[in-house]
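For reference, the structure is listed below as structure tokens.
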Amino acid sequence: MKHENIYKLTLTALMAALSYVVFTFLQIKVTLPGGDATSFHLGNAVCVLGALLLGGVYGGIGGAIGMTVGDLLDPVYIVYAPKTFILKFCIGLITGLIAHKMGHISTSNDNKHVLKWTIIATVCGLGFNVVFDPLFGYFYKRVLMGKPAAEVALVWNITTTSVNAIISAVVAVIIYMALRPALKKANLFLTLK
């Protein structure tokens, strides 16, 4: 494919915009004590989808930028923007590493193999987030920001992060498996090594 770097940057920007829109406008916000909040959203699905399509670095950056911009434009989440960027980039990095470096999903023509490694990579990336988002969030709120209600937020964050991960995993895998043949047919599918 000609101009592969421009194509990757364009898709990264598209993933950033898509993750921003999905996170900002399609979320169900839950207000917590102390003026804090958490939310149910599909922003992580876009981050994972980006990593599956573009690899860990580009996909992670796209998802991280979009959701960080969403945080920066929300008065409740603005203080969590650095945490969001780090965690969402890690989701993409882990998903992309497993999908492309271990599973080689972009070079395989075996749909069962691709589906298996797509699921494994997605579960690992979002599994990381289920563990580290609440822990990192607790540390961030309690130690760095001195919020007294960090324990209450921790329980809610574990719940919302887990629900988000399950729904995002299903959505990302379904969309990737549907997009893959369409992108190949249109000669827009990236082969990552």
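The values are calculated or read from the model by the stated rules, or taken from the named source; none is laboratory data. For clarity, every value in this text was computed on a predicted model and none was experimentally measured. Note: ideal-geometry Cβ built from the backbone for every residue, glycine included; neighbour counts use all protein chains shown. Side chains included, ligands, DNA and RNA excluded: accessible areas come from the protein's heavy atoms. Shrake-Rupley method; radii C 1.70, N 1.55, O 1.52, S 1.80 Å.
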**Item:** Residue that is of a type in the set (A, V, I, L, M), surrounded by 20 or more Cβ atoms within 10 Å (Cβ to Cβ) and within 15 Å of the chain's Cα centre (by Cα), where the choices are I166, I105, I98
**Value:** I98
**Counted residues, the stretch 108-124 - those being open to solvent by 10 Å² or more (accessible area, probe 1.4 Å), part of a helix (DSSP H, G or I) and over 22 Å from G43 (Cβ atoms)** = 6
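For the stretch 165-193, enumerate the residues that are in a helix (DSSP H, G or I), farther than 17 Å from T95 by Cβ and not hydrophobic (A, V, I, L, M, F, W, C). If you could, list the steps in order and put the result at the bottom.
Of the stretch 165-193, the ones in a helix (DSSP H, G or I) are 165-185.
Now drop any that are not farther than 17 Å from T95 by Cβ, which leaves 178, 181-185.
P181, K184, K185 - these are the residues of the stretch 165-193 that are in a helix (DSSP H, G or I), farther than 17 Å from T95 by Cβ and not hydrophobic (A, V, I, L, M, F, W, C).
Going by the conditions given, is V155 modelled with pLDDT under 85 and either not aromatic (F, W, Y) or not in a helix (DSSP H, G or I) (or both)? Spell out how you get there, then give the answer.
Values: modelled with pLDDT under 85: yes; either not aromatic (F, W, Y) or not in a helix (DSSP H, G or I) (or both): yes.
Answer is yes for this residue.
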**Message:** Pairs please, first residue from the stretch 156-185 and in contact (Cβ under 8 Å) with a residue 12 or more places away in the chain, second anywhere and outside any helix (DSSP H, G or I) and among the small types (G, A, S), Cβ atoms under 8 Å, 6+ apart in sequence or on different chains.
**Reply:** T160/S39
**Asked** What number of residues within the stretch 37-74 satisfy the criterion of being under 15 Å from D133 (Cα atoms) and more than 10 Å from the chain's Cα centre (by Cα)?
**Response** 7
**Asked** Quick one: D133 ticks every box in (1) within 16 Å of L53 (Cβ to Cβ); (2) touching a Leu at 6+ places or on another chain (Cβ under 8 Å) bar one, so which box is it?
**Response** (1)
**Complete:** Across (1) within 18 Å of V171 (Cα to Cα); (2) aliphatic (A, V, I, L, M); (3) within 13 Å of the chain's Cα centre (by Cα), L87 clears everything bar (1)
